[in-house]
Amino acid sequence: MDDVEFILTQLKTWAVVGCSPQPWRDSHRIASMLQSRGYRVIPVNPDAGDELLGERCHPALPADQGIEVVDLFRRSSAVSAHVDEAIAIGAKAVWMQLGVIDEEAASRARAAGLRVVMNRCPAIELPRLEGR
């Protein structure tokens, strides 16, 4: 089972880093889509207030929420620190959204035993899995 399939079928608690309170932003739409498909979404954004999508919004990745996937809606230049946080909290995977690429951070995550998806979107990959 490849990383995309494993993450989307086996891991159900996602932290969405950079989740926007603006419904038209991709991060908000993808987080909402994940929720509608039964995933637990933990929004992470220091500027988004106390609650987002009916969940407590965290200013940084919380270590006590059982996060399995860290979904990164950040510039490629900003993801390295979040990958290190994902490793530190014991996440099982890191998902970097379309256009987000950091090979060095991905290598660190893989070396720590995490699955890594880069430059992909779950809203595109879920229908592909379902259509097989």
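Read-outs: derived from the displayed coordinates by stated rules, not from any lab. Quick caveat: nothing in here was measured; it's all calculated off a predicted structure. Backbone-built Cβ (ideal geometry, glycine too); neighbour counts: all protein chains shown.
Just one of (1) 27; (2) 38; (3) 23 is percent of Cα pairs over 23 Å apart as worked out from the coordinates here. Which one is it? It is the one labelled (3).
Take every pair of alpha-carbon atoms less than 8 Å apart whose residues are at least six positions apart; their mean separation over the length of the chain yields a relative contact order of 23 percent.
Taking a spot 7 Å from the Cα of Glu55 along the direction of its beta carbon, which residues of region 93-121 have an amide N less than 17 Å from it? Hits in region 93-121 for Glu55 at 17 Å: 93-97. Simple spin-label estimate for Asp47 and Gln65 gives 1.9 nm between the two label positions (7 Å along the Cα-to-Cβ direction from each Cα).
For Leu52, the residues whose amide H sits under 5 Å from its own are Cys57, ignoring neighbours fewer than 5 places away on the same chain, with H placed 1.01 Å from N.
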